[in-house]
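These notes concern the structure reproduced below.
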Amino acid sequence: TVKTVTVQPSQFVQYNNVWQTGGLGSRAETGELQKALQDAQQSYLALASASIIYQTNLGHVNHLRTVFTEMVTSHMKQRQELSDSQTTLLDLERLVRDREITAQSFDDIADVAATLGDAISEYFPKVVGLSADLTSPARGTAKLVGAVAATVAKTIALSTRASARVQQTNMFEEEQKLEATLQKLGFKQEQIQLAYEYSTLLRDTETDTAELMNLTLDHQRALENVRNVVAQGNRVLVEREIFRQRAAAVIQGYRTKDVTFRVFRNEALEQYRTLFDLASRYSYLAAKSYDYETGLLGTAEGQKVFARIVAARSLGDLTGGIPQSTVSAFGDDGLAGTMAKLNTDFAVAEGRLGLNNPDFNNTIFSLRRELYRILDDPDITGDDDAWRQTLEQHIVANVLTDSDVANYCRNIRKPDGSAVPGIIIPFSTTIEHGRNFFGLALAAGDHAYTPSNFSTKISGAGIVLSGYVGMDTSGSGPVVNDPNSLSATPYVYLIPCGTDYMLAPFGDTNTIRFWTVRDQALPLPYNLGASSFNTTQFFTANDTLSSAPWVIRKHQAFRAVDDRNLYLADLPIIYTNPRLIGRSVWNNQWKIVIPAYTLLNNEQEGLNRFTASVKDIELFLRTYSNSGN
């Protein structure tokens with residue numbers, strides 16, 4: 001009988017596969033559940049090992065059973081063939097026996113008939129005529145008696161021979177049975193040995209089955225023990241939860257009594273904390289602005305100013321509404337102390353660094369000549385083709401794919417959300433000895449700013465589109481008959497996307513300072529219109545300055561001109577954009593963006609006319625410079 005035992009993995013024990021020190025985990029004190037889990041795991045391992053041995057032995061038994069069954073089948077087939085042959089021989093022997101007895105019977109009957117006939121013939125007289133044969137009856141009777149006696153004797157002899165012949169047949173049958181029995185018992189020695197091995201292994205398998213059943217019961221008891229321990233633990237958890245609920249009910253009573261005090265105190269603290277965080281934020285921004293304007297906080301000691309603002313936990317002395325540089329008993333002069341020190345330093349630095357008497361300049365830079373090094377000699381037609389190819393290389397199918405354009409250009413998207421084709425011209429600027437404004441080797445006709453000023457900043461910017469057809473800036477009216485004429489009022493964007501650079505204000509070390517400028521909008525104090533684009537979703541107790549603090553101020557487009565003299569003449573500040581006021585002219589990434597929809601409604605045609613007519617793009621900067629010292 002084949003018995004199948006399926007050993008499932010333990011549902012409680014979760015150990016890793018690393019059988020080194022600490023592989024099963026270690027505790028200062030082993031708990032009951034841990035012991036029960038270890039016992040369950042140990043019983044499971046023993047059961048799994050016994051199952052493997054049982055499966056191995058069962059495989060051997062199945063193999064020997066197959067071999068032994070085939071041997072017995074072959075032997076039985078031989079016995080069947082012998083039995084069939086012996087049955088046929090026995091039938092033939094019986095047929096011969098019956099026919100021999102029949103023939104002998106017929107012979108004996110014939111002899112009896114002859115004898116009886118001879119005896120009966122003696123009854124008839126042998127004398128003819130009147131003479132009498134007186135001995136014939138006696139003679140006939142004697143022969144009849146003898147014949148009857150002979151017949152009885154032959155009958156007895158016939159019966160005896162028939163019985164002997166039957167016994168002979170029975171002996172032949174017994175001989176066949178003996179031969180069959182001997183054939184039945186006639187197993188070879190190796191076959192007998194195979195049967196013995198099969199019987200022995202089968203008994204061993206039955207023993208393994210009993211052992212496997214015992215180990216299964218042991219594993220079942222171990223799992224039941226784990227369940228018992230888990231149930232006890234759950235009962236302890238339930239009791240603990242009940243205890244905690246009761247304790248929580250008591251504590252809640254105390255909390256209810258204190259809730260009013262906490263509400264009013266928290267509101268006061270929130271108001272103070274909100275206003276203090278706001279003051280700390282504006283103090284930090286003021287210190288950053290001070291550093292950007294003066295460049296004086298680039299040293300290790302200068303960076304500690306920002307650390308003090310962040311670490312401050314008090315407002316400081318604000319006597320008369322003016323920050324005072326005084327130190328409290330706790331050694332913290334607060335935000336006011338740092339602001340007072342910065343204000344005092346700035347009062348001196350303003351005149352010393354030339355912040356109150358800057359140098360002013362109006363400068364026009366040619367992108368064609370100074371950036372791309374393409375001449376504008378009218379006698380050389382190849383230069384115009386090179387310039388036209390340069391413009392065409394900067395045409396893009398959708399300017400919004402540029403992340404800087406999407407982030408810094410205000411309302412450049414179309415209302416329907418479709419693509420905005422246009423021109424994007426990136427470039428970088430610098431202020432270095434022997435370099436022009438675009439960082440190339442200074443050549444004849446190039447423009448540059450002097451590094452003797454530690455900062456050169458923008459007060460206004462403009463764009464000149466030389467050769468533009470149809471612009472209305474001179475007052476003579478737009479041109480509409482020219483095949484390359486475009487709109488009279490093209491608008492462009494000029495956006496700084498990189499890092500601002502300036503020199504350190506003191507010494508002749510040419511130390512470069514740099515800033516990543518985030519042009520962000522100041523939040524509205526009350527936001528009375530509740531503008532959704534400028535409001536946070538958080539509650540503040542004082543209900544002030546609730547707008548988002550880090551909204552980027554995007555750049556608007558401004559009108560370009562077609563005559564550079566409009567910027568050089570002594571005219572009011574027209575056609576310039578003051579949006580970049582205060583930004584350094586030294587930046588490693590600028591972008592000029594010209595949307596096609598400001599040229600013509602047919603955007604592709606507008607770009608074609610633009611590249612065919614515009615001979616140069618010039619950048620105008622009205623700047624002020626501070627010498628430092």
So, taking all protein chains as they sit and a 1.4 Å probe, how much accessible area belongs to MET71, in Å² rounded to tens?
30
Tally Lys/Arg at +1 and Asp/Glu at -1 over every other residue whose Cβ is under 12 Å from the Cβ of VAL399; what's the total?
0
Nearest-10 value in Å² for the accessible area of VAL480, using the 1.4 Å probe:
110
Name the long-range amide H neighbours of GLY460: under 5 Å, sequence gap of 5 or more, or other chain; modelled H, no Pro or chain starts.
ARG622
Two-site FRET efficiency, VAL480 against LEU278, from Cβ-Cβ distance with R₀ of 51 Å, rounded to 0.05:
0.35
Could you run the Karplus curve 6.51 cos²θ - 1.76 cosθ + 1.60 with θ = phi - 60° over region 430-439 and give me ³J(HN,Hα) per residue in whole Hz, x for Gly and Pro?
7, 10, 9, 5, x, 10, 7, 4, 9, x
Rounded to the nearest 10 Å², the accessible area of ASP345 at probe 1.4 Å
90
Grab the other residues whose beta carbon is less than 13 angstrom from that of ASP500, score K and R as +1, D and E as -1, and report the net.
+2
When every protein chain stays in place and a 1.4 Å probe is rolled, TYR526, TYR567, TYR372 sorted by accessible area with the largest first are TYR526, TYR372, TYR567
Roughly how many nanometres apart are two label points built 7 Å out from the Cα toward the Cβ at ASP379 and VAL517?
4.3
Assuming R0 = 35 Å, what is the FRET efficiency of VAL250 and ARG313, from their Cβ-Cβ distance, to the nearest 0.05?
0.45
Can you give the extra length, in nm with one decimal, that the chain gains between ASN266 and ALA397 once fully stretched, where that is 0.36 nm per residue apart less the Cα-Cα distance?
41.6 nm
Taking R0 as 25 Å, what FRET efficiency do you get between LEU285 and TYR526 from their Cβ-Cβ distance, rounded to the nearest 0.05?
0.80
Chain lengthening between THR499 and ARG240 when straightened (0.36 nm per residue, less Cα-Cα)
87.1 nm
I want the local charge near ALA386. Using Cβ-Cβ distances under 13 Å, sum +1 for each Lys or Arg and -1 for each Asp or Glu among the other residues.
-2
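The values are calculated or read from the model by the stated rules, or taken from the named source; none is laboratory data. Small disclaimer: the values here were computed from a predicted structure and weren't measured. Reconstructed Cβ throughout: ideal geometry from the backbone, glycine too, with neighbour counts over all protein chains shown. For the accessible areas, the whole protein counts, side chains as well, though only heavy atoms, and no ligand, DNA or RNA atoms are used. Shrake-Rupley method; radii C 1.70, N 1.55, O 1.52, S 1.80 Å.
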